[in-house]
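Below is one structure, written out as structure tokens, with a few remarks after it.
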Amino acid sequence: MSSTADTGVSEVPLAMLRDGETGIVVSVKSGYGKAWGLKKRLMDMGITPGTRITVVKSAPFHGPMEILVRGYRLAIGRGMAERIFVRMEETRAGCAEK
Amino acid sequence: MNGKKLVIALAGNANVGKSVIFNYLTKLHQHIGNWPGKTVEKAEGTLHFKGYTVDVVDLPGIYSLSTYSTEESISRRFIAVEKPDVVINVIDASVLERNLFFTLQLMELETPIVIALNQVDVASKKGIQIDFEKLEKILGVPVVPTIAVKGVGIFKLLEKAVEIFEGKLEAKPRQVKYGEEVEERIEKLAEAVRDSGLPYPARYVAIKLLEGDREIQEEVEKSKPQAVALARSLGEELERLHGHSCPTLITSERYQAANYIAREVQKLVPPVKPTLGEKLHNVTTHRVAGYLIMAASLLSLFFFVFAVGNVFSDILTSLLYGFKPFFERVLGAGFFEELVWEGVVEGLIAGASVALPYIIPFYLALYFLEDSGYLSRIAFLMDSIMHKMGLHGKAFIPLILGYGCNVPACLGCRIMETQRERLIAAFVTTLVPCAARTVIILGLVGRFVGIQWALMLYAFDLLVVFLLGRIAFRILPGEPTGLIMEMPDYRLPHLKTVLSQTWFRLLEFMKIAFPLIIVSTFTVKLLEATGILRVFTSLLTPVTVAWLGLPAETGITLLFGVLRKELALIMLATLLGAADLSKALTPVQMTVFTIVSMFYIPCVATIATLVMEFGWRKALVITLSEIVLALILGGLSFRILILAGLT
């Protein structure tokens, strides 16, 4: 998607994040008609614009990703992770959240 | 019993300990079945409390009250239409925010609520302290801290429910206030749908219309089509104002409200050391260790189920056969006795010795896996492989279990989220060669043709399962599958809950499967005794002899194989009059016979399970399509093997 690497802020699919990286949700693309339910479901699980998501790890063989969202652990399929667009955050080590 | 009745519904997210509370409340007075016409479990129970007969309904564990999943639709309808006197909303104290998101929607339904703030002990171990009195004040409903596994707070929960019912306690849920622009439009829309005749509050209908809820849209369309149009234009206005789609906006704002409340009432003290559960989670989802642990635990699960099953099976069989002399004495040996014995009692024995012994340890193991949280880790690891056949990771469990017995495997398909996934999983599961089919594969092909051929048949079966899974995924209508699954913290399963879940599901199984097994056994025996079976056999010769190239006798054996698959082999030996089957059948015939028995039909116990889970029609479709499949594969392989120069 649109990436403005020069400003240090980029909007990338969640699937691009490496283990341990954090992003703030910008949007969730719903894709075609029938996938509407999936988008709603993602949002119902707490993945709404502005939410902070941390990627914990990915399962091998292009498997699902384990993410931390709103204080709990969620596994989402690769396809889902490609629909969630996040803004990368410059995280410094030791920087406390909240 | 003074006739005072009270209906309580338990509602909440999955993995919050709802079923533990349900079991604690109702003990042995439960009934577990399905919601009418759905593959969603319905658990009901009764108890007596302060002169009331209390009916408790355990609603499915859900995360929202929209209608894209059957579970959510069922829960919403139940609360709005059946109007339980009180809803006990069980929430997990350690994941407060997401749980409150659901609570806020319950409050929008304007139903009397008591909140069970569960697992407060786990939360405090994780460094989360919750001021429940403050939560009570903010939400406007009673909040009771509970530790369900220890029974703490359950009595108080019931007390509050009764107080609300008697009007002694006010439970006036506060409404979530959305942003000003949204709020304005909700009010406008609520006015427009006020007399739409729907069972929901007007404000709720308005919110759901703006959220793009399809079911509500369709219902409102019937009585007030102009309201749907209004919702659309209001939604577009909001979209222009905020730059997000309207459903996104509403969901976000509701989450913001939940976030605000959670932050108001909880104090976070991050624990210094990672908990044991945390470490366990890391190991069990590790890219190498995770798979090793999974293989080890599934193998031990498999052996546990079948070792325990075999012991029980033997005990039950010899016990039940012990009644035979008694039977002969009462009925006198002869035609009638034989019919009753072989038709009814042996059917019962088949059911009791084939299905039952395996179901008990299977259910125990499955609930243990599920309640502990390990199941979700397996799904996480296996998702990408299972995805290739249109299913997600959880389907791996029933598939593996299918190698033992298809019956528990089909029952295990319940763990899938949607009706469609359940059906696909059950369909492919019935094609997996169970222990009985293994008897045929190894006992016929493995013994007389060669073990490498037997192994090839297994590989062939796997290929067919894989391909058909893909095809079924393409053909069946419905949403594409994608994994969105919570991985809850590990915890020790609550033994009493696991036991009672096993027991009540077993009862349900016996109620449905046994009559079917007995009736079909009786029918086959009756057909045999009256000679009609012979006629069938000759009618089947175009298929058995001409198309499959098998001896005519196989017609009968395949019919009997429906009752128990390994019977097909046992009867074959008897009918062909040869203990050494290699003298009666060619290697090609053996291979073809094995292929046909591998695929042709789920056995009667499996069919009964399919009926119980999916209804008659779908069970019939699966059965028939598998017969056709077996015949096609059998006929083709006969010709290919002959062409390949085998005899």
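Among residues of the range B:460-476 that are over 25 Å from B:THR591 (Cβ atoms), those with a Cβ under 7 angstrom from a residue that is aromatic (Phe, Trp, Tyr), sequence gap 6+ or separate chain, pair up as B:ALA472/B:PHE427. Checking B:SER75 against (1) modelled with pLDDT under 95; (2) touching a Lys or Arg at 6+ places or on another chain (Cβ under 7 Å); (3) not aromatic (Phe, Trp, Tyr), only one condition comes out false. Which one? Exception for B:SER75: condition (2).
Rundown of residues vs (1) in the same structural domain as B:LEU96 (by TED's automatic domain parsing); (2) touching a helix residue (DSSP H, G or I) at 6+ places or on another chain (Cβ under 6 Å); (3) at pLDDT below 90, yes/no style:
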{"position": "B:GLY153", "(1), (2), (3)": "yes, no, no"}
{"position": "B:GLU159", "(1), (2), (3)": "yes, no, no"}
{"position": "B:ILE186", "(1), (2), (3)": "no, yes, no"}
{"position": "B:TYR204", "(1), (2), (3)": "no, yes, no"}
{"position": "B:GLU215", "(1), (2), (3)": "no, no, yes"}
{"position": "B:ALA227", "(1), (2), (3)": "no, yes, no"}
{"position": "B:ARG232", "(1), (2), (3)": "no, no, no"}
{"position": "B:ARG240", "(1), (2), (3)": "no, no, no"}
{"position": "B:TYR255", "(1), (2), (3)": "no, yes, no"}
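Against the test of being under 28 Å from B:LEU96 (Cα atoms), out of contact with any helix residue (DSSP H, G or I) (no Cβ under 6 Å at 6 or more places or on another chain), at pLDDT 90 or above and within 14 Å of chain A (Cβ to nearest Cβ), the options B:VAL16, B:VAL57 yield a single qualifying residue, B:VAL16. So is B:GLU215 over 31 Å from the mean Cα position of the chain (by Cα) and part of a helix (DSSP H, G or I) or not? No; evaluated as a whole, the condition is false for this residue.
Are any of the residues in the range B:313-329 of a type outside the set (D, E, K, R), closer than 25 Å to B:ALA379 by Cβ and crowded, with 16+ Cβ neighbours inside 10 Å?
no
In the range B:81-95 there is no residue that is assigned by TED's automatic domain parsing to the domain that holds B:PHE132, touching a residue at least 12 places away in the same chain (Cβ under 8 Å) and in contact with a Cys (Cβ under 9 Å, 6 or more places away or on another chain). Looking across the range B:323-357, just one residue is over 24 Å from B:ALA529 (Cβ atoms) and among the small types (Gly, Ala, Ser), and that is B:ALA355.
For the range B:262-318, a tally of residues being touching an Asp or Glu at 6+ places or on another chain (Cβ under 7 Å) and under 25 Å from A:LYS57 (Cα atoms) returns 2.
Flag set for B:VAL340, criterion: out of contact with any Lys or Arg (no Cβ under 9 Å at 6 or more places or on another chain), closer than 23 Å to B:LEU526 by Cβ and free of Cβ contacts under 8 Å to residues at least 24 places away in the same chain.
Would you be able to say whether some residue in the range B:395-409 is touching a residue at least 12 places away in the same chain (Cβ under 8 Å), surrounded by fewer than 24 Cβ atoms within 10 Å (Cβ to Cβ) and within 13 Å of another protein chain (Cβ to nearest Cβ)? Yes, the range B:395-409 contains at least one residue that is touching a residue at least 12 places away in the same chain (Cβ under 8 Å), surrounded by fewer than 24 Cβ atoms within 10 Å (Cβ to Cβ) and within 13 Å of another protein chain (Cβ to nearest Cβ). On inspection, B:ARG287 qualifies as modelled with pLDDT of 85 or more and surrounded by fewer than 17 Cβ atoms within 10 Å (Cβ to Cβ). Going by what's in this entry, would B:ALA206 be described as within 20 Å of B:PHE102 (Cβ to Cβ), surrounded by 15 or more Cβ atoms within 10 Å (Cβ to Cβ), of a type in the set (A, V, I, L, M, F, W, C) and within 13 Å of chain A (Cβ to nearest Cβ)? When the stated conditions are applied, B:ALA206 does not pass them. The helices (runs of 4 or more DSSP H) falling completely within the range B:35-145 that include 2 or more residues that are among the β-branched types (Val, Ile, Thr) map to B:70-77, B:120-125. Among the conditions (1) out of contact with any helix residue (DSSP H, G or I) (no Cβ under 7 Å at 6 or more places or on another chain); (2) more than 7 Å from chain B (Cβ to nearest Cβ); (3) in a strand (DSSP E or B); (4) surrounded by 23 or more Cβ atoms within 10 Å (Cβ to Cβ), the only one that A:ILE47 does not satisfy is (3). Looking at the structure I just gave you, is B:PHE396 closer than 24 Å to B:ALA365 by Cβ, of a type outside the set (A, V, I, L, M), assigned to a helix (DSSP H, G or I) and under 19 Å from the mean Cα position of the chain (by Cα)? Criteria met by B:PHE396. Condition test on B:PHE101, is it buried (at least 23 other Cβ atoms within 10 Å of the Cβ) and within 23 Å of B:ARG174 (Cα to Cα)? When the stated conditions are applied, B:PHE101 passes them. Listed by position, the strands (runs of 3 or more DSSP E) enclosed by the range A:50-92 that each have at least 1 residues that are more than 10 Å from chain B (Cβ to nearest Cβ) are A:52-58, A:65-69, A:84-88.
Here the range B:549-585 is the region considered, the condition is being modelled with pLDDT of 80 or more and of a type in the set (Val, Ile, Thr), and the residue that is nearest to B:LEU641 (Cα to Cα) is B:THR554.
Filter the range B:524-557 down to residues that are of a type outside the set (Val, Ile, Thr) and in a loop (DSSP other than H, G, I, E, B) and give me whichever is surrounded by the fewest Cβ atoms within 10 Å (Cβ to Cβ). The extreme case among them is B:GLY531.
Residue by residue, here is whether (1) on the phi > 0 side of the Ramachandran plot; (2) in a helix (DSSP H, G or I); (3) among the aliphatic types (A, V, I, L, M) holds:
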| site | (1), (2), (3) |
| --- | --- |
| B:PRO271 | no, no, no |
| B:LYS279 | no, yes, no |
| B:HIS286 | no, no, no |
| B:PHE304 | no, yes, no |
| B:ILE315 | no, yes, yes |
| B:LEU319 | no, yes, yes |
| B:ARG329 | no, yes, no |
| B:PHE336 | no, yes, no |
| B:LEU356 | no, yes, yes |
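For the range B:229-269, taking the residues that are part of a helix (DSSP H, G or I), among the small types (Gly, Ala, Ser) and at the interface with chain A (Cβ under 9 Å from one of its Cβ atoms), the one that is nearest to A:GLY37 (Cα to Cα) is identified as B:SER252.
Picking from residues in the range B:480-523 that are surrounded by fewer than 17 Cβ atoms within 10 Å (Cβ to Cβ) and under 26 Å from B:LEU381 (Cβ atoms), the one that is farthest from the other protein chains (Cβ to nearest Cβ) is B:LEU492.
Just one of the listed residues (B:THR70, B:THR46) is within 26 Å of the chain's Cα centre (by Cα) and modelled with pLDDT of 90 or more, and it is B:THR46.
For the range B:554-574, filtering for residues that are within 24 Å of B:GLY450 (Cβ to Cβ) and in contact (Cβ under 8 Å) with a residue 12 or more places away in the chain leaves 10.
The values are calculated or read from the model by the stated rules, or taken from the named source; none is laboratory data. Everything numeric here is computed off the predicted structure, so don't read it as measured data. Glycine gets a Cβ as well: all are built from the backbone with ideal geometry, and neighbour counts include every protein chain shown.
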